[in-house]
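Undergrad: The structure under discussion is supplied below as structure tokens; questions concerning it will follow.
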Amino acid sequence: MKNSTQYLKDIFAFLAVAKSRGHHVIPVLFDDCWKAVWNDGNQPEPTPGVHNSQWVQCPGAVQVDDAALKSYVVDIVGTFKNSDTVVLWDLYNEVGNSGKIVNSLPFCIKIFEWARSANPTQPVSSGWWNGDIAFDPINEYILT
């Protein structure tokens with residue numbers, strides 16, 4: 001895995017390209033969609049014609065300690081908290097997907113706390129995606 005300095009440089013480069021083309025971005029930091037296990041390094045090639053064929057959850061089933069995840073969130077959001085190219089932060093895509101349902105809520109709450117501690121000028125959000133009653137605790141949290 002790239003070190004955090006190189007990762008931030010890559011994000012700076014990406015945002016510079018987006019800005020040069022008049023685009024705004026919505027970075028997504030975490031995701032409960034699709035495959036539960038990922039690996040560092042080169043990733044498998046997408047399967048042609050298959051939607052999100054190699055998409056992976058983050059952090060998924062990979063064990064990462066809270067200190068590392070907090071550092072990831074605070075470093076990225078804090079570094080780009082004043083970027084006019086970042087329109088908002090989608091902190092956690094499809095919270096509870098892949099059968100996790102409310103098991104993802106405690107982690108979601110931490111992510112919001114960590115991101116807000118970086119004092120971004122952009123809004124922080126998480127996409128509401130499932131109206132099933134089992135998701136009510138998640139939806140109530142992210143809609144407040």
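The values are calculated or read from the model by the stated rules, or taken from the named source; none is laboratory data. Fair warning: this is a prediction, and the values are worked out from it, not measured in the lab. Heads up, the Cβs are rebuilt from the backbone with ideal geometry, glycines too, and the neighbour counts pull from every protein chain shown.
Undergrad: Taking the stretch 126-136 on its own, how many of its residues are surrounded by 15 or more Cβ atoms within 10 Å (Cβ to Cβ) and either at pLDDT 95 or above or outside any loop (DSSP other than H, G, I, E, B) (or both)?
TA: Adding up the residues that qualify gives 1.
Undergrad: Within the stretch 51-89, count every residue that is in a loop (DSSP other than H, G, I, E, B) and closer than 19 Å to ASN39 by Cα.
TA: 12
Rundown of residues vs (1) more than 17 Å from TYR92 (Cα to Cα); (2) in contact (Cβ under 8 Å) with a residue 24 or more places away in the chain, yes/no style:
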{"site": "LEU15", "(1), (2)": "yes, yes"}
{"site": "GLY22", "(1), (2)": "yes, no"}
{"site": "GLN43", "(1), (2)": "yes, no"}
{"site": "SER53", "(1), (2)": "yes, no"}
{"site": "CYS58", "(1), (2)": "no, yes"}
{"site": "VAL64", "(1), (2)": "no, no"}
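Undergrad: Let me ask something else. Scan the stretch 55-69 for residues that are modelled with pLDDT of 90 or more and under 12 Å from the mean Cα position of the chain (by Cα) and report the count.
TA: Adding up the residues that qualify gives 1.
Undergrad: Spot the failing condition for TYR92; the list is (1) touching an Asp or Glu at 6+ places or on another chain (Cβ under 9 Å); (2) assigned to a loop (DSSP other than H, G, I, E, B); (3) at pLDDT 90 or above, and only one is missed.
TA: Result: TYR92 passes all but (2).
Undergrad: When you scan the stretch 95-111, do you find a residue that is crowded, with 21+ Cβ neighbours inside 10 Å and over 21 Å from LYS35 (Cβ atoms), even just one?
TA: Checked against the condition, which is being crowded, with 21+ Cβ neighbours inside 10 Å and over 21 Å from LYS35 (Cβ atoms), the stretch 95-111 yields no hits at all.
Undergrad: While we're here: Can you name the condition, by its number, that TRP38 falls short on among (1) without any contact (Cβ under 8 Å) to a residue 24 or more places away in the chain; (2) assigned to a loop (DSSP other than H, G, I, E, B); (3) of a type in the set (Phe, Trp, Tyr)?
TA: (1)
Undergrad: OK, next. Could we say that SER53 is among the polar types (S, T, N, Q), more than 24 Å from ILE11 (Cβ to Cβ) and out of contact with any strand residue (DSSP E or B) (no Cβ under 9 Å at 6 or more places or on another chain) here?
TA: yes
Undergrad: Pull up the stretch 101-137, narrow it to residues that are β-branched (Val, Ile, Thr) and under 16 Å from the mean Cα position of the chain (by Cα), then point me to the one that is nearest to VAL64 (Cα to Cα).
TA: Restricting to residues being β-branched (Val, Ile, Thr) and under 16 Å from the mean Cα position of the chain (by Cα), the top hit is ILE111.
Undergrad: A further question on this structure: Quick one: is PRO120 in contact (Cβ under 8 Å) with a residue 40 or more places away in the chain and either within 24 Å of ASP75 (Cβ to Cβ) or not in a helix (DSSP H, G or I) (or both)?
TA: Against the criterion (in contact (Cβ under 8 Å) with a residue 40 or more places away in the chain and either within 24 Å of ASP75 (Cβ to Cβ) or not in a helix (DSSP H, G or I) (or both)), PRO120 qualifies.
Undergrad: Next up: Restricting to the stretch 16-59, give me the number of residues that are within 26 Å of TRP128 (Cβ to Cβ) and surrounded by 10 or more Cβ atoms within 10 Å (Cβ to Cβ).
TA: Final tally of qualifying residues: 24.
Undergrad: Right, something else. Taking VAL86, is it surrounded by 13 or more Cβ atoms within 10 Å (Cβ to Cβ), under 21 Å from ILE11 (Cβ atoms) and out of contact with any Asp or Glu (no Cβ under 6 Å at 6 or more places or on another chain)?
TA: Yes.
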